[in-house]
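Here's the structure we're looking at; comments come further down.
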Amino acid sequence: MARVLAGNGGRWFAMSSSDSRVLHVRQGQVAVLTINRPEAANAVDDAMAEAIGTALEDANLDPGVGAVVITGAGSRSFSAGTDLRALPTTEAGSSATGNRGPWDFAGLVRHPIDKPVVAAVNGAAVGGGAEIVLACDLAVAGDAAYLQFPEARIGLYAGAGGAFRLPTEIGSKRAMAALLLGEPITATEAAEWGLVNAVVPHGTALEEAVGVAERLAQLPRASVRATLRIARAARLAQEDFGWAASVAELHHVEVGRARGSSPSEERSRQADRS
């Protein structure tokens, strides 16, 4: 049975969850998913990715849910992305997104559902955490939050959509600076560049995001579903090339690891054979 939780301006109901690292609660017609590993900056491992993906599926199938909010536990981190400690290796040139289940990283970045998903960016969204924000339909950020893609600086690459979604969102030059130099994108910059819809005082991102989601949940479901599907259709067609390139780079790394060669050497070998 659901139990009432404390909430801001409403009644929050606990939902069943197979993993306490992902909290799944409801306020009215809004499902709120919380990445609950504050001690690890809300880094995502395989089990958490599966739990997030399952929670999204549950929300999508629940007729009482009209919109979804995803956030991170605590006040400092939205998500640090992949739990690098859980990766078997972190060789130069490899992807920073190790948990690739049926919905890819975090059970979310390739998991379009028929209901809008709003990111409540309560703190740092780093690496895969920033890619989660890119995958959401709308985003609200606290004024102390930031997005960062540090992968290239540590011998990795943004393999959960960042490398091809970010140029589309903010333009090639800005995206290359962010992806290659890895400098933080402040909440204000993120709003100016269209990465988030609004910047709010620190500590209020979740409340504001739930407010946006409540408005979305009041709209006719068929209209929302149709709009989401149409808007995503063209984008998904373009993104197929990006996902293929991302997987190809990961393949070069894995084959090279087995042979003791570098990713660039593997690409040269394949070019020589073609």
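Details
- Whole-Hz ³J(HN,Hα) from phi, Karplus 6.51 cos²θ - 1.76 cosθ + 1.60, for region 119-125, glycine and proline x: 8, 9, 7, 7, x, 5, 10
- Burial ordering of V210, V25, fewest other beta-carbon atoms within 10 Å first: V25, V210
Any read-out appearing in this document is the output of simple, stated calculations on the displayed coordinates, not a laboratory observation. Note that this is a predicted model, so its numbers are computed, not measured. Don't worry about glycine lacking a Cβ; one is built from the backbone with ideal geometry, like all the others, and counts go over all protein chains shown.
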